[in-house]
Amino acid sequence: MQRLPLLFDKYINNQISADECKEFWQLLQENGLADNLSTELQNLWLEHPKYSQSNAIWELKFDALIASQQPSIRKTSIIKYAVAALFVFLIGSICFLNFESKSPKNKSNKQLVNDVKPGHNGAILTLSNGKKVILDSAVDGETLSDANLGIIKKDGEIIYTGKTDELVYNTVTTDKGRQWRLTLPDGSKVWLNAQSSIHYPLNFTDKERVVEIAGEVFFEVVHNSKKPFKVKVGNKVIADIGTSFNINAYADESDMKTTLIEGSLSISNTRTNIPPTILEPGQQAVVNSTGFIRVNQHQDLDEVMAWKNGMFNFNETNIENIMRQIGRWYDLDIEYSGKITTETFSGMVSRNKSLIQVLKVLEQASIKFKIEGKKIIVIN
């Protein structure tokens, strides 16, 4: 069910592959939506401006896809409120599944005023001489320099060019409501979630490539067996063996979570004599405050990677965790009025929605909110 919003977005933008189209129609049919929505979905697809001059061609493509993959689908029209329901369900990009509402659906909450825009690409680059560059306002294509290296801002990221013999460091920091990506001097790619940072050398001169992070960071590492890539998070060390992985190490979270997407990783603690833990793809290492490491064998990678893909993804998540994520992305503080619910929630919503759009969807789960300046009050 949680795949539906992502597949729907690809579908209406004509970016869906044949296999994804088959999966999309299968999910619609399994959830009783296919028969009544096929015509409207076809129209949405054909109305996309990219194909406005060649609808006949794309209509044939549409017919061929569904004829070969879902031969039983009937093309029937439905009334407008059913299409609206589809948008609430899919374009709204949220489907709360695993909870029982304690009361009837909430009426409109008049306390949801003073809307807040979602976060955006932005960060502060601290050069080796201490100079700070606000990347939000830097001109695209602008070239900076540090230790004879060129630093280019391009399409929401920074890229280093050239080589240096100096051992100097840069730091990229994202505040609340910001995210950023960069390519390190060795070619490894890094994505920073809101309220995160990475400190790294401009020349990996030692036998190891060592960076330090805080917050949540995703890596795609260029493998070099002669120079292992290591990430330090406090007294914990994540060593890459040619891989891509996500680290969630926010100070306000009880555990540090490292999830391996592909390749191999070892995780160790410099304060203990416990042998390193080796991860395989799909596994997640959870390190608590005492340094104990627990391995989750089959982690939901869609949930882990949701932030990087522009989504919030909640999988039996408690309200405090949900609100921490929202607070970071919309640059807000969170306060609770009354007893905090122990219910957990599952679903997803786009990080491109405004704050009120997100909160109104969450209110369908019998939670109420009040916005006061830079603060959200969760009312129970």
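The values are calculated or read from the model by the stated rules, or taken from the named source; none is laboratory data. Note that this is a predicted model, so its numbers are computed, not measured. FYI the Cβ positions are ideal-geometry reconstructions off the backbone, even for glycines, and counts take in every protein chain you see.
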- Message: Just to be sure I understand, how many residues within segment 191-210 are aliphatic (A, V, I, L, M), touching a Lys or Arg at 6+ places or on another chain (Cβ under 7 Å) and within 10 Å of Val231 (Cβ to Cβ)?
- Response: 1
- Item | Selection count, segment 216-263, where residues are crowded, with 16+ Cβ neighbours inside 10 Å and assigned to a strand (DSSP E or B) | 26
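Considering only helices (runs of 4 or more DSSP H) fully contained in segment 286-369, which possess at least 1 residues that are more than 24 Å from Leu7 (Cα to Cα) and not aliphatic (A, V, I, L, M)? Break it down stepwise before answering.
Details: elements: 301-305, 319-330, 355-362.
Qualifying helices (runs of 4 or more DSSP H): 319-330.
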- Message: Which residue is modelled with the lowest pLDDT, if the candidates are limited to segment 194-209 and must be within 18 Å of Ala239 (Cβ to Cβ) and buried (at least 19 other Cβ atoms within 10 Å of the Cβ)?
- Response: Phe204
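Report, by residue number, each residue of segment 218-244 that is of a type in the set (Val, Ile, Thr) and either modelled with pLDDT under 90 or under 17 Å from Ser264 (Cα atoms) (or both).
Quick first cut of segment 218-244, residues of a type in the set (Val, Ile, Thr) only: 221-222, 231, 233, 237-238, 241, 243.
Scanning segment 218-244 gives Val221, Val222, Val231, Val237, Ile238, Ile241, Thr243.
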- Task: Would you point out which residue out of Trp191, Trp180 is assigned to a strand (DSSP E or B) and buried (at least 23 other Cβ atoms within 10 Å of the Cβ)?
- Result: Trp180
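Check Glu320, Glu343 and return the single one that is at pLDDT 90 or above, among the charged types (D, E, K, R) and within 30 Å of Val116 (Cβ to Cβ).
Values: Glu343 fails: at pLDDT 90 or above.
Step by step, each of Glu320, Glu343 is checked, and only Glu320 is at pLDDT 90 or above, among the charged types (D, E, K, R) and within 30 Å of Val116 (Cβ to Cβ).
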- Message: Please verify whether Phe204 is part of a loop (DSSP other than H, G, I, E, B) and of a type outside the set (Val, Ile, Thr), treating the condition exactly as stated.
- Response: yes
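Restricting the search to segment 134-161, which residues are over 25 Å from the mean Cα position of the chain (by Cα) and either of a type outside the set (Asp, Glu) or part of a strand (DSSP E or B) (or both)?
First, pick out the residues of segment 134-161 that are over 25 Å from the mean Cα position of the chain (by Cα): 139, 141-151, 161.
Result: Val139, Gly141, Thr143, Leu144, Ser145, Asp146, Ala147, Asn148, Leu149, Gly150, Ile151, Thr161.
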- Item | Unmet requirement for Ser266, which otherwise passes all of (1) buried (at least 16 other Cβ atoms within 10 Å of the Cβ); (2) assigned to a loop (DSSP other than H, G, I, E, B) | (2)
- Task: Among the residues of segment 112-133, write down those that are closer than 30 Å to Val378 by Cα and part of a loop (DSSP other than H, G, I, E, B).
- Result: Leu112, Val113, Asn114, Asp115, Val116, Lys117, Pro118, Gly119, Gly122, Ala123
- Where Ser350 falls short, out of the listed (1) farther than 19 Å from Leu192 by Cα; (2) buried (at least 16 other Cβ atoms within 10 Å of the Cβ); (3) not assigned by TED's automatic domain parsing to the domain that holds Trp191: (1)
- Query: So, in segment 162-177, of the ones that are farther than 19 Å from Val221 by Cα and assigned to a strand (DSSP E or B), which residue ends up nearest to the chain's Cα centre (by Cα)?
  - Reply: Thr174
- Item | Exclusive hit being touching a residue at least 12 places away in the same chain (Cβ under 8 Å) and closer than 27 Å to Ile326 by Cα, set Gly187, Gly177, Gly141 | Gly177
